[in-house]
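Student: Okay, here's the structure, questions in a sec.
The values are calculated or read from the model by the stated rules, or taken from the named source; none is laboratory data. Computed from a prediction, not measured in an experiment: that's the story for all the values here. With ideal geometry, Cβ positions are generated from the backbone for all residues, glycine too; neighbour counts draw on all protein chains shown.
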Amino acid sequence: MIIYLIVFFAVTLIYFASAERLVTYVRLIGLQGLLLCGIAISELKDVNTANLLFIVAETLLFKTLLIPYLLSAIIGKSGVTKVHRQALPGFYLILFSIAALLLSVVLANSLINPFVNTIYMTIALYTLFTGLLLIVTHRLIISHLIGFLIVENAVFIFSLAVGSEMPMLINIGILLDIFVGVLILGFFGLRLKPHTNELTMLKD
Amino acid sequence: MLLMFFIIAAIMVILIFLFRNRMITKFIAVGYSIMHILLSLYCWSNSDATELRYFTFNSTGVLLLSILSVLAIPTIYHGFVYTRGDDLKKFNIYHAALITLMTFMSGAYLANGMTVLWIFVEATTLAVALLIYHDRTEIALEATWKYVFICSAGIALAYLGILFLGFIYGREDAASLTFSSLSVLINQANPMYLKIAFLFVLIGFSTKMGLFPMHTVTIDAHSVAPPPVSALISTTLMNVGFLAIYRVYTLFSSSPILPFMNNVLIFAGLLSLLVAAGYMLKAKHLKRMLAYSSLENMGLVAIATGVGGSGYYAALLLIVLHSFAKSSLFYQMGQLSRVLGTFRLDDCGNYMKLYPAGSLVLITGLISILAIPPSGLFISEFLIMKGLVFNNQWFVLITAIILLCFVIYAMSTRFMHIIFSNPRHYPEFTQSVKVRPVETVTQFILLGIVVIICFYQPQFLVDIINQSFSLLPR
């Protein structure tokens with residue numbers, strides 16, 4: 001079951017590289033939240049009920065519902081519907097995405113460790129690279145936000161890779177990350193450059 | 001004691017919003033700075049003690065905590081002056097955020113494990129965001145957005161580095177381990193994992209330390225942040241980033257990746273110097289130029305750490321003295337903007353005629369920050385050069401010297417222009433405010449410390465710096 005969820009997750013990442021409509025990005029972010037919830041519940045066998053509730057709230061409540069809702073609000077306010085301001089054409093982004101996938105496979109296999117699940121490691125690295133690629137190759141604020149949220153998902157998968165438990169301290173760290181994500185979206189995303197969705201003022 | 005400190009700090013913040021009275025807020029802020037000094041004294045007298053399981057009063061943390069204690073009073077005082085004209089709500093938010101920021105930084109200094117350190121570093125981002133956004137302008141919003149976004153992305157990368165430590169240990173509770181427990185396991189680890197973990201941590205926490213390639217975040221924040229806040233971002237908050245990197249460096253120093261870490265630090269340091277020198281030559285905004293000067297100094301700290309040996313002492317001394325010199329310059333920026341009404345270099349001039357005491361701070365600060373004798377920073381930079389000569393790292397030495405020459409030229413010509421020349425353009429409208437010379441007293445005291453340390457380094461300072469790198473290979 002887990003393997004299907006992980007492969008599905010990887011497919012969403014490839015879709016990110018090819019998608020051009022912001023609404024697709026929002027749906028993919030919501031879907032990733034749902035998949036992460038499924039992966040976490042299947043993987044974390046030794047976790048106590050309180051911790052499990054915590055993780056379900058993190059993934060379902062925040063990642064699947066609240067964050068896509070806020071993203072939709074930003075898109076609605078800005079009126080920008082397409083990722084038409086890329087620093088790179090979409091075709092090259094797909095090529096880079098595939099290269100990132102290959103690099104993740106190579107890296108994860110060269111870092112084989114008895115304590116770590118290689119599939120998790122591969123997908124976590126690929127998620128990280130995809131998030132960074134979106135941040136670097138797009139110019140719109142909302143694309144940067146989505147890149148950041150993907151990096152957050154990479155952190156979540158990395159924290160799952162090491163075992164069947166997720167200690168409270170790691171949970172607090174991840175929750176703080178999500179809190180910052182929501183803060184960025186809710187406070188800054190809704191106020192900053194609503195019409196152009198680009199940053200312009202602070203330059204040397 | 002530490003628990004009391006955190007609880008009282010939280011109560012103080014709540015009281016600020018409950019009472020909504022300017023005098024009470026001032027009283028609370030001063031009370032907080034006194035409490036912070038008491039905390040530092042307590043940490044000095046209980047060195048290496050552990051409290052609340054996650055905090056240890058080790059020498060590096062206590063040294064940096066003490067710097068924050070020294071800077072707390074002038075920062076709060078200059079904050080009172082800066083926020084004098086603000087409405088009560090803004091005034092209260094500013095001081096509550098300042099107390100919160102200093103509390104989170106204190107927690108980060110004393111944290112004895114990577115995850116707790118990371119949580120406090122992330123928390124500082126939220127507190128400092130409120131302070132950068134203090135003026136509520138569109139440009140402040142953009143700078144705050146950039147700061148929160150890049151810091152959060154960077155800190156997420158740092159967290160990946162911490163999770164890599166978990167892969168070394170092989171148990172899910174690795175992130176909760178203290179530095180001392182992890183150090184036992186390092187020699188059994190795959191060096192590749194250590195290298196990746198170090199790179200993630202270095203890049204991630206560079207957002208706080210202000211090192212290349214994540215330096216842009218602090219530069220933009222300085223453009224709009226209130227000057228007393230810039231003083232903290234450029235000194236004590238950068239020290240938080242340095243500490244996080246230094247902790248991991250110390251942890252990994254007994255492993256075979258030490259030469260790799262040294263090379264990476266020297267490379268990052270040199271690139272930081274290059275970027276700082278390049279941008280300072282074309283700087284048009286005074287606070288941005290000072291921010292690039294911080295980048296240059298952090299570059300030197302990275303090089304010093306990479307050099308090893310006497311470089312460790314140089315790095316920590318540089319951290320201490322840079323904190324005092326740079327904060328006094330940023331406090332002075334607050335007064336300069338009140339007198340000249342601008343931070344734009346082309347619009348600045350005749351400062352000596354308008355405010356001689358401030359000009360004197362600028363001249364002394366310039367000498368101090370450029371490490372020209374009798375500045376204590378000269379000792380640090382001399383030790384770095386000496387270390388490079390001993391290691392036969394001639395390329396690094398010559399490149400660093402050339403880049404430092406550019407920095408000296410860029411800063412001194414601009415400062416001299418502000419102090420002695422007429423402005424190139426007169427701003428359309430500026431309402432000059434009379435500043436009392438007594439307001440510069442704290443700046444002279446801090447710069448005085450920097451000068452005194454050139455001639456005399458007190459034994460307690462030498463001892464605590466030596467203890468800070470006692471775990472590193474000599």
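Student: In the range B:147-155, is there at least one residue being within 23 Å of B:Ile11 (Cβ to Cβ) and more than 8 Å from chain A (Cβ to nearest Cβ)?
Tutor: First pass over the range B:147-155, keeping only residues within 23 Å of B:Ile11 (Cβ to Cβ): none.
No, the range B:147-155 contains no residue that is within 23 Å of B:Ile11 (Cβ to Cβ) and more than 8 Å from chain A (Cβ to nearest Cβ).
Residue by residue, here is whether (1) under 17 Å from the mean Cα position of the chain (by Cα); (2) assigned by TED's automatic domain parsing to the domain that holds B:Met209; (3) within 24 Å of B:Ser40 (Cα to Cα) holds:
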position	(1), (2), (3)
B:Leu98	yes, yes, yes
B:Ala111	no, yes, yes
B:Thr115	no, yes, yes
B:Trp118	yes, yes, yes
B:His134	no, yes, no
B:Ala158	no, yes, no
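Student: Residue under question is A:Leu60, and the condition is that it be under 26 Å from A:Phe188 (Cβ atoms) and either among the basic types (Lys, Arg) or away from chain B (no Cβ under 14 Å) (or both); does it hold? Show your work before the answer.
Tutor: Details: under 26 Å from A:Phe188 (Cβ atoms): yes; either among the basic types (Lys, Arg) or away from chain B (no Cβ under 14 Å) (or both): yes.
The answer is yes for A:Leu60.
Student: May I ask you to list the residues in the range B:29-53 that are farther than 13 Å from B:Ser106 by Cβ and either surrounded by 21 or more Cβ atoms within 10 Å (Cβ to Cβ) or of a type outside the set (Gly, Ala, Ser) (or both)? It would help to see each step written out before you state the result.
Tutor: So the first thing to find is which residues in the range B:29-53 are farther than 13 Å from B:Ser106 by Cβ, and the list is B:29-31, B:34, B:41, B:44-50, B:53.
Those that are farther than 13 Å from B:Ser106 by Cβ and either surrounded by 21 or more Cβ atoms within 10 Å (Cβ to Cβ) or of a type outside the set (Gly, Ala, Ser) (or both): B:Ala29, B:Val30, B:Ile34, B:Leu41, B:Trp44, B:Asn46, B:Asp48, B:Thr50, B:Arg53.
Student: Residues in the range A:76-89: is at least one closer than 23 Å to A:Ile123 by Cβ and either in contact (Cβ under 8 Å) with a residue 24 or more places away in the chain or in contact with a strand residue (DSSP E or B) (Cβ under 8 Å, 6 or more places away or on another chain) (or both)? Quick ask: steps written out before the conclusion?
Tutor: First, pick out the residues of the range A:76-89 that are closer than 23 Å to A:Ile123 by Cβ: none.
No, that holds for no residue.
Student: Identify, from the list B:Ile418, B:Ile452, the residue that is under 19 Å from B:Lys326 (Cβ atoms), surrounded by 14 or more Cβ atoms within 10 Å (Cβ to Cβ) and modelled with pLDDT of 90 or more. Give the derivation first.
Tutor: Values: B:Ile452 fails: surrounded by 14 or more Cβ atoms within 10 Å (Cβ to Cβ).
Exactly one of B:Ile418, B:Ile452 is under 19 Å from B:Lys326 (Cβ atoms), surrounded by 14 or more Cβ atoms within 10 Å (Cβ to Cβ) and modelled with pLDDT of 90 or more, namely B:Ile418.
Student: Related question: Quick one: is A:Ala154 within 11 Å of another protein chain (Cβ to nearest Cβ) and modelled with pLDDT under 85? It would help to see each step written out before you state the result.
Tutor: Details: within 11 Å of another protein chain (Cβ to nearest Cβ): yes; modelled with pLDDT under 85: no.
Judged against the criteria, A:Ala154 is not a match.
Student: Right, A:Leu199: in a loop (DSSP other than H, G, I, E, B) and modelled with pLDDT under 85 or not? Quick ask: steps written out before the conclusion?
Tutor: Values: in a loop (DSSP other than H, G, I, E, B): yes; modelled with pLDDT under 85: yes.
Yes, satisfied.
Student: I'd like the residue in the range A:104-123 that is at the interface with chain B (Cβ under 10 Å from one of its Cβ atoms) and part of a helix (DSSP H, G or I) and, out of all such residues, is farthest from A:Val7 (Cα to Cα).
Tutor: The initial filter retains those residues of the range A:104-123 that are at the interface with chain B (Cβ under 10 Å from one of its Cβ atoms), namely A:107, A:110-116, A:121.
Imposing the further condition that a residue be part of a helix (DSSP H, G or I) reduces the set to A:107, A:110, A:121.
Details: A:Leu107: 18, A:Ser110: 20, A:Met121: 13 Å.
Top of the filtered list is A:Ser110.
Student: Within the bounds of the range B:69-84, is there any residue that is touching a residue at least 24 places away in the same chain (Cβ under 8 Å) and part of a loop (DSSP other than H, G, I, E, B)? Break it down stepwise before answering.
Tutor: Of all residues in the range B:69-84, those touching a residue at least 24 places away in the same chain (Cβ under 8 Å) come to B:69-83.
Next, from what is left, pick out any that are part of a loop (DSSP other than H, G, I, E, B): B:83.
Checked the range B:69-84: at least one residue is touching a residue at least 24 places away in the same chain (Cβ under 8 Å) and part of a loop (DSSP other than H, G, I, E, B).
Student: Filter the range A:134-152 down to the residues that are of a type in the set (A, V, I, L, M) and under 12 Å from the mean Cα position of the chain (by Cα), then identify the one that is nearest to A:Leu93 (Cα to Cα). Even if it seems obvious, please write down each step before you answer.
Tutor: Restricting attention to the range A:134-152, the residues satisfying the condition of being of a type in the set (A, V, I, L, M) are A:134-136, A:140-142, A:145-146, A:149-151.
Next, from what is left, pick out any that are under 12 Å from the mean Cα position of the chain (by Cα): A:134-135, A:145-146, A:149-151.
Details: A:Leu134: 9, A:Ile135: 12, A:Leu145: 17, A:Ile146: 15, A:Leu149: 18, A:Ile150: 16, A:Val151: 17 Å.
This residue is A:Leu134.
Student: Select, from A:Ile67, A:Ile55, the only residue that is more than 12 Å from chain B (Cβ to nearest Cβ), in a helix (DSSP H, G or I) and over 30 Å from B:Tyr193 (Cβ atoms). Full working, then the answer.
Tutor: Working: A:Ile55 fails: over 30 Å from B:Tyr193 (Cβ atoms).
On inspection, the qualifying residue turns out to be A:Ile67.
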